[in-house]
């Protein structure tokens with residue numbers, strides 16, 4: 001065969017092109033066609049979703065708010081040896097840049113400066129007002145006369161953190177660390193350490209929710225998978241209806257159940273288990289968050305479990321029983337190992353969703369139940385510390401990406417079941 | 001999975017306690033949703049079952065909150081007062097329907113490409129296209145808030161529609177790819193060999209077969225948009241009220257029972273959508289079952 005081929009040359013198509021080349025070309029056209037079909041959505045997701053996420057990531061290290069407002073000051077600042085007070089030149093450039101700057105940009109810059117050393121904001125505000133009266137130098141003494149803080153090297157040293165256009169400062173803040181004035185990484189003050197606690201709490205709640213979902217979801221998935229179709233379809237509605245019901249509706253329902261004058265407390269009072277005046281405080285704490293999230297995320301555990309259990313042939317169990325295993329032993333040795341893919345899929349999915357939860361903790365969590373998502377929202381809307389908001393988001397996103405990757409490896413993302 | 005006749009007493013006890021446990025779990029899943037239905041007909045301005053209400057006294061039951069929801073302030077007075085709930089309903093449907101149409105179109109076409117055997121980088125592309133479903137909403141909201149404010153899309157309906165479209169597409173991609181597994185590509189070749197062009201093949205051969213998946217994906221996309229509150233809060237303006245946003249505001253500020261009425265309506269809507277999707281799923285399975293034979 002090879003003999004004849006080498007003598008006559010490669011196989012040709014009717015056009016006289018070698019078959020290999022022609023086939024490659026056809027395949028390339030097919031590839032391009034397939035890609036063209038995907039590309040509209042890809043571009044859409046890129047622009048409306050991925051670029052915004054990238055923008056957030058960029059913001060988490062961006063530290064240019066001040067560099068754009070006081071560019072010259074930072075030029076001369078870099079020459080300062082960080083001992084004692086800066087020279088007259090630094091004071092002079094600072095004076096002119098502050099005097100001629102716009103109120104809006106100073107506001108933005110001073111907010112950032114306040115993160116490194118509180119007091120900067122009021123100092124700049126006061127100085128900008130009074131600088132109008134100063135006509136000529138020397139500026140150093142006059143500035144110090146306006147406010148003693150100008151003579152405090154601490155303030156000047158704090159600026160050193162902002163010389164570079166990028167910073168890791170927000171990431172440090174997000175795990176309760178910070179730069180001190182000489183750019184060493186130190187722990188935050190005792191009373192300002194809130195984020196590590198929040199991270200731990202977020203993990204704790206997510207793990208608890210995943211665990212409870214597994215405890216509640218495994219038996220009912222088993223029941224659904226082993227019941228005859230006509231019953232299991234009916235019961236499946238009980239799983240799918242919550243899945244389709246608005247998240248807010250379910251949270252409202254739980255508020256009705258758990259509040260002081262709510263259904264659960266009323267039932268307890270009516271059955272004389274507790275007195276009317278000492279009703280349980282069931283809402284606005286971490287327990288409430290765990291209960292409500294378990295109910296909300298349970299379908300995400302049941303659906304993957306069910307789809308895996310459905311594929312476990314009942315003959316396996318029968319064979320084990322036939323061979324003399326007790327039902328419990330057979331279940332433990334045969335059924336459980338076979339259902340592990342479903343367990344890992346369900347657990348990962350529930351954990352991934354739980355870790356970024358925001359709405360439920362906000363509504364039923366109270367002070368005690370706030371998770372990382374709530375802090376992101378808080379910094380986004382209330383404190384406007386967008387750098388920290390972005391850094392918290394970026395850390396959360398990194399964790400999600402790892403989990404998502406694991407999910408993709410173990411389960412395959414295209415196998416997500418939606419009812 | 002019934003008990004065999006020879007089951008021991010211990011096995012019987014085990015089996016029935018297992019069933020009881022399952023019943024309790026199902027109750028835990030369903031009860032909270034149905035507890036709000038009767039409460040929405042209560043006359044009480046609080047979320048509670050009063051004694052009069054439990055004894056079915058007529059004055060404790062009323063439709064007053066439903067009337068308030070549709071914008072009629074009191075009995076006899078039929079003038080429509082300015083109403084945020086109805087405005088929210090209009091906005092929710094407006095944003096939801098447009099976002100659904102966009103998401104369905106984009107998602108279906110992409111799913112067709114992804115299901116082709118020649119698709120390069122399939123796994124990576126799939127992971128990217130599904131990611132809006134996986135990334136926490138609060139992160140998406142933060143990113144969109146930063147970026148959309150740069151390009152002037154915050155506080156606009158266009159911004160909200162684009163955001164909701166992005167959130168909805170993964171569902172369409174997943175359901176349509178699922179319907180396309182086991183799709184007989186010979187049907188396309190047959191159609192083409194009989195002289196149909198690409199568009200005709202798509203609408204006459206492919207579309208009828210994948211329609212159940214397309215519709216249920218679309219419904220998923222719709223309910224996602226309809227239920228979404230975080231992005232509406234951060235990207236939308238104060239005036240852009242949707243149903244979930246109004247519910248959220250209601251829960252944080254005045255806890256008016258109108259929320260329960262709207263919640264009841266939403267439960268009814270989700271029952272309707274769930275039924276539709278289930279019927280479509282069975283139809284699709286039947287269609288594909290016939291094909292496999």
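Using Cα-only point scatterers and the Debye equation, what is log10 of I(q)/I(0) for the stretch A:163-274 at each q in 0.19 Å⁻¹, rounded to two decimals?
Treating every Cα as an identical point scatterer, log10 I(q)/I(0) equals -1.10.
Looking at the stretch A:1-142 from every direction and averaging, what is the projected area of its Cα convex hull in nm²?
For the stretch A:1-142, averaging the hull's shadow over all directions gives 19.0 nm².
Mind checking the alpha-carbon convex hull of the protein assembly as shown and giving the volume per residue in Å³? Walk me through the numbers before you get to the answer.
Numbers: hull volume 199.8 nm³, N = 712.
Hull volume over Cα atoms, normalised by residue count, gives 281 Å³.
State, to one decimal in nm², a quarter of the convex hull surface area for the C-alpha atoms of the stretch A:71-165, i.e. the direction-averaged projected area.
That works out to 5.5 nm², a quarter of the Cα hull's surface.
At what distance in angstrom do the alpha carbon centres of the stretch A:310-347 and the stretch A:60-120 lie from each other?
That distance is 68 Å.
Give me the angle, in degrees from 0 to 90, between the Cα long axis of helix A:103-116 and the longest principal axis of the Cα atoms of chain A, rounded to the nearest 10.
Compared with the principal axis, the helix lies near 70 degrees.
In Å, what Kirkwood hydrodynamic radius results for the stretch B:23-132 from the alpha-carbon pair distances?
Hydrodynamic radius (Kirkwood, Cα pairs) of the stretch B:23-132 is 19.0 Å.
If you build the Cα gyration tensor of chain B and take the root of 5 times each eigenvalue, what three semi-axes come out, in whole angstrom, biggest first?
Values for chain B, descending: 40, 32, 19 Å.
What spacing in nm lies between the two simple spin-label points modelled at residue B:287 and residue B:185, each 7 Å away from Cα in the Cβ direction?
Roughly 2.0 nm, to one decimal.
Running a GNM on chain A with Cα contacts under 10 Å, which residue among A:206, A:22, A:127 ends up with the highest mean-square fluctuation?
Result: A:22 has the largest fluctuation of those listed.
Can you quote the Å³ per residue value for the convex hull of the Cα atoms in chain A, rounded to an integer?
Considering the Cα atoms of chain A, their hull volume per residue is 317 Å³.
Sorted from fewest to most neighbouring beta carbons within 10 Å, what does the list A:55, A:147 look like?
Least to most surrounded, the residues fall as A:147, A:55.
Express in % the proportion of alpha carbon pairs of the stretch A:210-251 at distances exceeding 13 Å.
Above the 13 Å cut-off, the stretch A:210-251 has 62 percent of its Cα pairs.
Treating the stretch A:266-419 as a set of equal point scatterers at the Cα positions, no solvent, please give the Debye-formula log₁₀ I(q)/I(0) at q = 0.12, 0.13, 0.15 Å⁻¹.
-0.76, -0.82, -0.93
Kindly put A:403, A:282, A:323, B:129 in sequence by how many other C-beta atoms sit within 10 Å of each C-beta, fewest to most.
Going from sparsest to densest Cβ surroundings: A:323, A:403, A:282, B:129.
Note down the Stokes-Einstein diffusion coefficient of the stretch A:360-402 in µm²/s, whole number, using a Kirkwood radius over alpha carbon pairs, 4 °C, and 1.567 mPa s.
Diffusion coefficient, whole number: 120 µm²/s.
Provide the convex hull volume over Cα atoms per residue for the stretch B:9-80, in Å³.
Convex hull of Cα atoms, per residue: 111 Å³.
What percent of all Cα-Cα pairs in the stretch A:19-61 falls into each 5 Å bin, going from 0 up to the bin containing the maximum distance?
Histogram of Cα-Cα distances, whole percents per bin: 6, 20, 13, 13, 11, 11, 9, 8, 5, 3, 1.
State the Cα centre-to-centre distance between the stretch A:186-205 and the stretch A:274-302 in whole Å.
24
None of the figures in this text is laboratory data; all of them are computed from the coordinates on show. Given the structure is predicted, the values throughout are model-derived calculations rather than measurements. All Cβ positions, glycine included, derive from the backbone under ideal geometry; neighbour counts span all protein chains shown.
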